[in-house]
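Beneath this line is the structure, given in structure tokens, with notes to follow.
The values are calculated or read from the model by the stated rules, or taken from the named source; none is laboratory data. As the structure is a computational prediction, the values presented were derived from the model and not from experiment. All accessible areas refer to the heavy atoms of the entire protein, side chains included, with ligands and DNA or RNA removed. Shrake-Rupley method; radii C 1.70, N 1.55, O 1.52, S 1.80 Å.
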Amino acid sequence: MTASHLLVPVPIPDRIAALIGSCIPAHILRAEFDAACAAREVRRFRGPRLGVEDQADREQALSELARANKVLAAHHPRLVVRPGSPW
């Protein structure tokens, strides 16, 4: 029996990643990419004292994340990306 925290991540070869990607619809791949970028942007704007422009940028990133997650959740609920997730 293996514990999930003991598993070592193994890199996926490019050809295998391309094969996996070819099985997923293009709009889902695009939404996954958009969600990962938006989550990264949301993490950038952390802190108690954000300026007005930073708050607006954070809200924009959150709306983009929500939009992409809506597409991902419609395809499969476990594809949803969260701002604190390793994605």
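Probe of 1.4 angstrom, ligands and nucleic acids ignored: what's the accessible area per residue over the chain, in square angstrom?
That works out to 82 Å² per residue.
Please give the contour-minus-distance gain from residue 18 to residue 52: 0.36 nm per residue of separation, less the Cα-Cα distance, rounded to one decimal in nm.
Net length gain for the segment: 8.1 nm.
Just one of [x] -0.56, -0.93, -1.12, -1.19; [y] -0.35, -0.79, -1.29, -1.49; [z] -0.75, -0.93, -1.05, -1.10 is log10 I(q)/I(0) by the Debye sum over Cα atoms at q = 0.13, 0.19, 0.24, 0.26 Å⁻¹ calculated from these coordinates, so which is it?
Answer label, from the structure shown: [x].
For the chain, with all protein chains present and a 1.4 Å probe, just round the carbon and sulfur fraction of the accessible area to a whole percent.
60
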